[in-house]
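Inspection log for the structure reproduced underneath, given as structure tokens.
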Amino acid sequence: MHKSEAEILLVEDNPADIELSLHALRSENLCNHIHVARDGEEALDYVFRRAAYSTRPEECNPTIILLDLKLPKVDGMEVLRQVKANVSTRMIPVVILTSSSEERDVCESYRLGVNSYIQKPVDFTQFRETVKHLGLYWLVVNHAVPAHAQTKAA
């Protein structure tokens, strides 16, 4: 997949972190679509094409999911659990981007199949740089599973 075809699902409820993430990703022209889900329920609806997203095209899965853990409605750990438990979505890379450095969160995330766990830097400049490098790695350097192969795994 070319970087121009990349789609990011950013699951974040903090408006400042949303803006910093969007700025970092857009300033590098890493993808042409970033969808923001502001709680875990909306993220699950988006990924599994439910409710307001029921008409979202099946072939348009996110290239990567950037997921906070502390979310309203459904927490990030449950979002991760459901994404990785479903055969049609388990190959989508999920990167936890959270303020939590709790060992139990790190261990549980990896047990559930997270692809990477990153603690959000407190400094705005470092946060922006972290998101930029994260995007460069997952959307440019890393070889993603082709979209047609994801559905064959199901």
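With a cut-off of 11 Å between beta carbons, the residues surrounding F124 carry a summed charge of -2, where Lys and Arg count +1 and Asp and Glu -1.
In this structure the amide hydrogen of I64, modeled in the peptide plane, comes within under 5 Å of the amide hydrogens of E7, L9, none closer than 5 places in sequence on its chain.
Here the 3J(HN,Hα) profile of the range 109-125, calculated from phi with Karplus coefficients 6.51, -1.76 and 1.60 at θ = phi - 60°, is 4, 5, 4, 7, x, 4, 8, 7, 10, 10, 7, 5, x, 6, 5, 4, 5 Hz, Gly and Pro shown as x.
When shorter helices are ignored and each DSSP H run of at least 4 residues is given -39500 (n - 2.57), the per-residue value for the chain at 222 nm works out to -11500 deg cm²/dmol. Close lysine pairs were tallied over the range 3-152: pairs 8 or more places apart or on different chains with Cα atoms under 30 Å apart number 15. Each Lys or Arg adds one and each Asp or Glu subtracts one; over the other residues with Cβ under 12 Å from the Cβ of T89, this totals +3. Backbone phi angles across the range 10-25, fed through the Karplus curve with coefficients 6.51, -1.76 and 1.60 (θ = phi - 60°), yield HN-Hα couplings of 9, 10, 7, 9, 8, x, 5, 5, 4, 4, 5, 5, 4, 4, 5, 6 Hz in residue order; Gly and Pro are listed as x.
For the chain, the alpha-carbon radius of gyration amounts to 0.96 times the rule-of-thumb value 2.2 N^0.38 Å expected for a compact globular protein.
Shown for L80, L44: other C-beta atoms within 10 Å of each C-beta, ranked fewest to most, produce the order L44, L80. Taking amide H atoms as placed 1.01 Å from N in the peptide plane, the amide H of A37 lies under 5 Å from those of L10, V11, E12, each 5 or more residues away in sequence or on another chain. Counting neighbouring Cβ atoms within 10 Å and putting the fewest first, the residues S21, S54 line up as S54, S21.
Taken one residue at a time, the phi angles of the range 40-46 give Karplus couplings (6.51, -1.76, 1.60, θ = phi - 60°) of x, 5, 5, 4, 5, 4, 5 Hz. Gly and Pro are set to x.
Each value in this text was obtained by applying a stated rule to the coordinates, not by laboratory testing. Note that the structure is a prediction, hence the values are computed from the model and not measured. Using ideal geometry, Cβ is built from the backbone for each residue, glycine included, and neighbour counts are taken over all protein chains shown.
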